[in-house]
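Scroll down for the structure; my scribbles are underneath it.
Read-outs throughout are calculated quantities, based only on the coordinates presented, and are distinct from any laboratory measurement. Quick caveat: nothing in here was measured; it's all calculated off a predicted structure. Reconstructed Cβ throughout: ideal geometry from the backbone, glycine too, with neighbour counts over all protein chains shown.
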Amino acid sequence: MAREYFDNELDKLKSAVLVMGSEIEENLVLVAGALIARNTAVAERLIAADLVINKQRIDVVMNSLTLIATQQPMAKDMRFIAAVIEIAGELERMHDYVKGIAKTSLEIGQAGTLLPSFAEDFPRMAAFASDMLSRSMVAFSENNAALARSIPKWDDHVDYLFNRLYVDIVEYAGSAPGLIAHANQLEWTIHNMERAADRVINVCEWVVYMATGEYQEFDSEYEAPPAIDRSNVGE
Amino acid sequence: MASTVNTVTRSNDGSVSLAQPANGLALEASGLNCYYGDFRAVKEVDLEIKKHAITALIGPSGCGKSTVLRAFNRMNDLIPVARAEGEVLLHGANIYAPGVDPVEVRRRIGMVFQRPNPFPKSIYENVAWGAKINGFKGSKEDMDQLVESSLRSAAIWDEVKDKLDESGYSLSGGQQQRLCIARTIAVRPEIILMDEPASALDPISTLRIEELIQDLKKNYTIVIVTHNMQQAARASDFTAFFNMDSDRAGYLVEYDDTQTIFTSPANELTEQYITGRFG
């Protein structure tokens, strides 16, 4: 078969991206669970895992550049490699958010109680983000633009939960003295999870480019927090 | 096509004046079929060559791309059994119309070949020759100026200015090819056809030719046949992909701007060819 070596190398790149994706899918859920359960061992493991993800990303990029230099990829091969480089970058950033949440989790430690709504909704945010990522990896694997286009709308669920939690946390901060620091930590975790889901949308954009040759930007802008009615916030 | 032939007028100095093309096209092939005896080598080609652009013709061996290139300046006429049907319009005038002088067509549409083919004459004479046989009437100083400007345009002046009397054969392959381009330019063509102009050259000489082609498009329209897809991608503005059909006739599969052809071609055959998975 023509270009057997090249095709094998492209398959290796695809596998490497899928491995990264599946690890991050799992870690998004694990980090939310670790925060809620105050499981510092899992949080520490996820922080360490970030180094591995970073290396995987660099390997994917370097192997892609080698193929560009040695195989002169054109058309769908070139689009695939371009998408792989971009998607590997998005995945690596996604895991930075996992690491950020894990670090915050360690800062919060095992003391105190979490907001009930946070304990309920934060894992749901993580589940949506992880599910979106999972679907985007299927779309990537299948070169499936239609599937990639269907994923961004799920980000609305993540944004909805983010907004709801944001308001809850602000109200919580105002409910008693000395809660600002803790509330700020919680805000950072929901912010990180919301951004992780946004990164999935970027992945979808590159899958569409890879499959069709057209870059289509989906609405993945950072969701500004809702305005807070300060009259309801305690002094 | 008498009406279009009439748009060609010849002045006393032998030059041909034409109405300026309103559509930005240098050449328009329509319904072009090329035959060698009974064998149809190229069928039904419709292709518009944009002015002051570089158009690459690519495709597998036998796809008819060189035949199409040679049809663009009636070079195929030199093969006894060859004939063309259809039209190739130069500023709206069919170069195959009765009464059109093929020699005049070739003056206005020059050609550079795969292997450099300097004459066994001095570097100076190589460049001056074309102008002389085309009726150059200027003084010695005028000819000196023409030779220098042609060699400069072909980016070889600095390398040969001190040895214009030496044989063209004394130059390297890449220099010889640039000398041949200078010889073509000296006739003041409008269009330069290049049939794999760098395929016999080393990589550095190849890149110099590609750079030169980019410079030349400011003043000329370039059509280049190349087997080297990277060269087409690097050096052209538009790319036409040809393939051989089941009846062994070459046909145009896809024609678009080069960026589109090499990033998102519309046709699956084009995709297979440029990604090296053809056949």
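Ordering A:Ile58, A:Ala34, A:Tyr5 by the projection of their Cα atoms onto the charge dipole of region A:2-212, which places +1 on the Cβ of Lys and Arg and -1 on the Cβ of Asp and Glu, puts A:Tyr5 at the extreme positive end. With a Cα cut-off of under 29 Å and a minimum spacing of 8 residues unless on different chains, the lysine pairs in region A:2-212 number 12. Its Cα centre serving as origin, region B:37-150 has a Cβ charge dipole (Lys and Arg +1, Asp and Glu -1) of approximately 200 debye.
For region B:257-265, 3J(HN,Hα) computed residue by residue from phi via the Karplus equation (6.51, -1.76, 1.60; θ = phi - 60°) reads 5, 4, 4, 5, 4, 9, 10, 9, x Hz, glycine and proline entered as x. Across every pair of non-identical alpha carbons in region B:63-115, the mean reciprocal distance, once inverted, gives a Kirkwood radius of 11.6 Å.
Across all Cα pairs in chain B, the calculated P(r) in 10 Å bins from zero up to the longest distance comes to 7, 29, 34, 23, 7, 0 percent per bin. Among the chymotrypsin sites (Phe, Trp or Tyr not before Pro) within region A:1-96, not one is in coil by DSSP while having at most 13 neighbouring Cβ atoms inside 10 Å. Annotation: lysines with alpha-carbon distance below 17 angstrom to B:Lys163 (same-chain offsets under eight excluded): B:Lys121.
Of all DSSP beta bridges confined to the protein assembly as shown, the antiparallel ones make up roughly 60%.
In region A:2-212, the ratio of gyration radius to Kirkwood radius, Rg to Rh, stands at 1.05 when only Cα atoms are counted. In terms of packing, defined here as the mean over residues of other Cβ atoms within 10 angstrom, the peptides B:223-236, B:25-38 line up highest first as B:223-236, B:25-38. Quick check on the protein assembly as shown: what does the Kirkwood estimate of hydrodynamic radius come out to from the alpha carbon pairs, in Å? One over the average 1/r among Cα pairs gives 27.6 Å for the protein assembly as shown. Each residue of region A:190-205 is assigned a 3J(HN,Hα), and the resulting list reads 6, 4, 4, 5, 5, 5, 4, 5, 4, 5, 4, 5, 4, 4, 4, 4 Hz, derived from the Karplus form 6.51 cos²θ - 1.76 cosθ + 1.60 (θ = phi - 60°), x at Gly and Pro. Note that region B:181-254, at 20 °C in a medium of 1.002 mPa s, gets a Stokes-Einstein diffusion coefficient of 158 µm²/s from its Kirkwood radius over C-alpha pairs.
Bridging of B:Lys65 to lysines at a Cα separation below 22 Å is possible for B:Lys43, B:Lys50, B:Lys51, B:Lys217, once same-chain residues fewer than 8 apart are set aside. Rounded to the nearest 20 debye, the dipole magnitude of region A:2-212 is 200 debye, with +1 charges on Lys and Arg beta carbons, -1 on Asp and Glu beta carbons, and the Cα centre as origin.
Taking amide H as placed 1.01 Å from N in the peptide plane, the amide H of B:Asp237 sits under 5 Å from that of B:Ile54, B:Thr55, B:Ala56, each at least 5 places away or on another chain.
The label-point distance for A:Lys153 and A:Ser22, in a model that sets each label 7 Å from Cα toward Cβ, rounds to 2.9 nm. With a 10 Å cut-off around each Cβ of B:25-34, the average count of Cβ atoms from other chains is 0. Rounded to two decimals, the Cα-based Rg/Rh of region B:117-230, with Kirkwood Rh, is 0.95.
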